[in-house]
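Engineer: Have a look at this one before I ask anything.
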Amino acid sequence: MGSGKFGSSEDIYDFLSGYINVEKGQATVFKLDRMKALASALGNPERGRLCIHVAGSKGKGSVSTMCARILAEMGLKVGIYTSPHILRWKERIALADREMPEAVLIAAAQEILPLVEGLGPDSFPGGELPTFFELSTLIAFCAFRSSACEAQVIEVGLGGRLDSTNIVDPDVSVITTIELEHTQFLGNSLAKIAFEKAGIMKPGKPVCVSGQNPEAMAVFDKRAGELNCPVFKLGTHVRALDTRVDIAGTSCRIDCPPSSASALKNILPPGGLSAATGIIGEIQGQNMALAALACATALPHLEARAIAGGLKRASIPARFELVAHQPPIVLDGAHTPESIHLCLETAKNLFPGPRVLLFACAQDKRHREMAAQLAPHFDTIIVTKPGSFKVSDPESVHRSFLDSGYPADLLEDTQAAIRGAVGAAKERGAMLLVAGSFYLCAEVKNWLASHPLERE
C-alpha cells in the first residue's frame, strides 16, 4: 500500500494485517491513549449520533444486531460495528439493514491512512504502533460519519474498560452475561472480568444488564452506584416469557413486571409483546428482551411495532446457524463451557437423532470442560484446528475428548476434517454441529461455498 490507495475492502484488510492483532494471539498492552489521540486527529468521528455500547461474554453479538435492526425500524440510519468477522473483514462495519458500500469503507480507510502510514512506534502515545482492532474501529467511526448515520451500535471487542471502542459516550451501555474467558487479559475471576466489562459505564448514563452470577452483579451494582448510572435489569425491568425454539428461530413474549420503572413498560401493549427472531437458541429470548429494553432506554419514543419488526429481521452468522439441511449442518462459534452448554441443549432438543461433532478451539480455551460436556452426546467426534488464524493445540484438545471416555478422531488438516465430518453426517443420517471457534465456522462456510449441499 505504498501508494496509499485502496482498491477494495480486501486491500484494507491486507493493510491492517500488518499491525498487531490480538485476535491472532499477538500480545499487546491495552490502553486508550492511542485511540483518543487518533480519534481527536480525525475530528472525533465516534461522536454526533445516538449510541448503544454493548459488552459481555455471551450474547453481545446477537443483542447488538437486534438493537441495530430495532432502531432501523424506527427509520434511523444505523451503523453497526461487530467482531470477529466470519468470511470477510467488511462484515465488521455495516449498516443495520445492508452492507456498507465498498466506496465508503475505502474512503474511511484513506482518511486514517495519513495518520499511520510510514510512522514508527515513537510517533504514537505509549511508544507502540496502533493495533489491527484500533484501526478497524477508527475506520468504522469514519464510515458511520461519512454515511450520515443517525445511530450506531458498537460491540466491544475484548473486555470493555480499555477496549478500543470505549472512547464512545453512549446513550445507554449494555452488558450481557459474562463468563470466564480471556483470563490472561481480563483476570482470573468473574469479579475481575466484571470490573473490566463495567468500564463501559459512563457517569449518569443508563446501563442495561442481563442475568449475571451474583459475584459479577455485585461489581456492576457497585460501579453503577459510583457513577450514578440508572440500572435496568433483565428479570427486574423486563422478562422473556414462553420462549420457544425450533429450526425456524426463537419466539417469546416480552413484558415488564408490574414494579418495573423502565421506559419499555410504557411502550409494550397490555399482556406483553409477541416477538420472534430467526436466530436460534433458548438464550435468544433473553437477548430479545434485553435489546428491547436497551433501545427503549436509548430512544424513549420507540414503538412496539419497531421492536417486533427489528427482532424479526435480525440475523447473525455462526450463532446456532443452520446452513444446510441434507445433512443438517449447524455452525456455532461457542467457545466457553457456558456457551457450549446452551448450544448443546438446543442441539439435543432440535436434533434428537444421531449427531456428528466437528470441534476446534484456540489454545487458551477451556477445552477439557467443553469436551466433557460434548462427548456423551455425539456418535462421531472429529477434532481439528480452527484454520490457521489462531494458535491451537489440537492434540491436547483430542486428549481431552479421549479422557472423557469417548472415541474421537484427530484430523489436523482442517479441510480433510470438514470432508470427514460432512461425509459421516451423510452416511449416518445425522446432524453435524461445528463448534468451538468462529474461525472453524468460517472454514466450513468457505468449504460449503465450493461444495454446495441442500439448503432448503
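What follows is calculated from the coordinates using simple rules that are stated; it is not laboratory data. From a predicted model like this one, the values you see are computed outputs, not experimental measurements. Cβ: placed from backbone, ideal geometry, glycine included. Neighbour counts: every protein chain shown.
Engineer: Test of understanding: ordering LYS265, LYS233 by Cβ neighbours within 10 Å, fewest first, what list do you get?
Structural biologist: Neighbour counts put them in this order, fewest first: LYS265, LYS233.
Engineer: Which one, (1) 40, 30, 18; (2) 36, 32, 19; (3) 32, 29, 21, gives semi-axes √(5λ) of the Cα gyration tensor in Å as derived from the coordinates shown?
Structural biologist: Calculated semi-axes √(5λ) of the Cα gyration tensor in Å: the matching label is (3).
Engineer: Once you place label points 7 Å from the Cα toward the Cβ at ASN349 and SER274, how far apart are they in nm?
Structural biologist: 1.9
Engineer: Once you compute Rg and the Kirkwood Rh from C-alpha atoms, what is the Rg to Rh ratio for the range 198-252?
Structural biologist: That ratio is 1.13, to two decimals.
Engineer: Now for a separate question. Where the eigenvalues come from the Cα gyration tensor of the range 109-179, what are the semi-axes √(5λ) of the equivalent ellipsoid, largest first, in whole Å?
Structural biologist: Calculated on Cα positions only, the semi-axes equal 24, 18, 9 Å.
Engineer: Restricting to the range 321-450, compute how many DSSP beta bridges are antiparallel as a %, nearest 5.
Structural biologist: Approximately 20 percent, going by the DSSP bridge assignments.
Engineer: For each of MET74, MET431, MET66, count neighbouring Cβ atoms within 10 Å of the residue's Cβ, then give the residues from fewest to most.
Structural biologist: In order of increasing Cβ crowding within 10 Å: MET74, MET431, MET66.
Engineer: Next question. Which ³J(HN,Hα) values in Hz, rounded to whole numbers, follow from the phi angles of the range 246-260 under the Karplus curve 6.51 cos²θ - 1.76 cosθ + 1.60, where θ = phi - 60° and Gly and Pro get x?
Structural biologist: 9, 6, 8, x, 10, 10, 6, 10, 9, 9, 10, x, x, 7, 5
Engineer: In whole angstrom, how far apart do the alpha carbon centroids of the range 117-163 and the range 361-410 sit?
Structural biologist: Their Cα centres are 34 Å away from one another.
Engineer: Follow-up question, since we're still on this one. Pull up the DSSP beta bridges for the range 80-218 and report the antiparallel fraction as a percent, rounded to 5.
Structural biologist: Antiparallel bridges make up about 45 percent of those DSSP assigns within the range 80-218.
Engineer: Also, I was wondering about something else. So if I place +1 on the C-beta of Lys and Arg and -1 on the C-beta of Asp and Glu, and nothing else carries charge, what would the dipole magnitude of the range 1-128 be about its Cα centre? I want it in debye, nearest 20.
Structural biologist: 500
Engineer: To continue, here is another question. Take each complete run of DSSP H in the chain, measure how far its Cα atoms stretch along the helix's own axis, and keep only those covering 18 Å or more with mean Kyte-Doolittle hydropathy at least 0.5; list them.
Structural biologist: Helices meeting the span and hydropathy rule in the chain are 102-116, 132-146, 283-298, 438-450.
Engineer: Using alpha carbon centroids, what distance separates the range 282-338 and the range 231-262, in Å?
Structural biologist: Value for the Cα centre distance between the two parts: 13 Å.
Engineer: Out of every Cα pair in the range 321-450, what percent are spaced more than 20 Å from each other?
Structural biologist: In whole percent, the share of Cα-Cα pairs in the range 321-450 beyond 20 Å is 33.
Engineer: Quick one: which of LYS31/LYS222; LYS197/LYS365; LYS24/LYS197; LYS90/LYS426; LYS36/LYS233; LYS60/LYS90 span more than 25 angstrom between C-alpha atoms?
Structural biologist: Pairs exceeding the cut-off: LYS90/LYS426; LYS36/LYS233.
Engineer: Sorting ARG253, ARG244, ARG98 on the 10 Å Cβ count, fewest up front, what's the list?
Structural biologist: The most exposed by this proxy come first: ARG98, ARG244, ARG253.
Engineer: Next question. Would you compute, from DSSP H runs of 4+ residues alone, the mean residue ellipticity of the chain at 222 nm, taking -39500 (n - 2.57) per run and dividing by the full residue count, rounded to the nearest 500?
Structural biologist: It lands at -11500 deg cm²/dmol.
Engineer: OK, next. Rounded to the nearest 5, what % of the DSSP beta bridges within the chain are antiparallel ones?
Structural biologist: Restricted to the chain, the bridges split so that about 40 percent are antiparallel.
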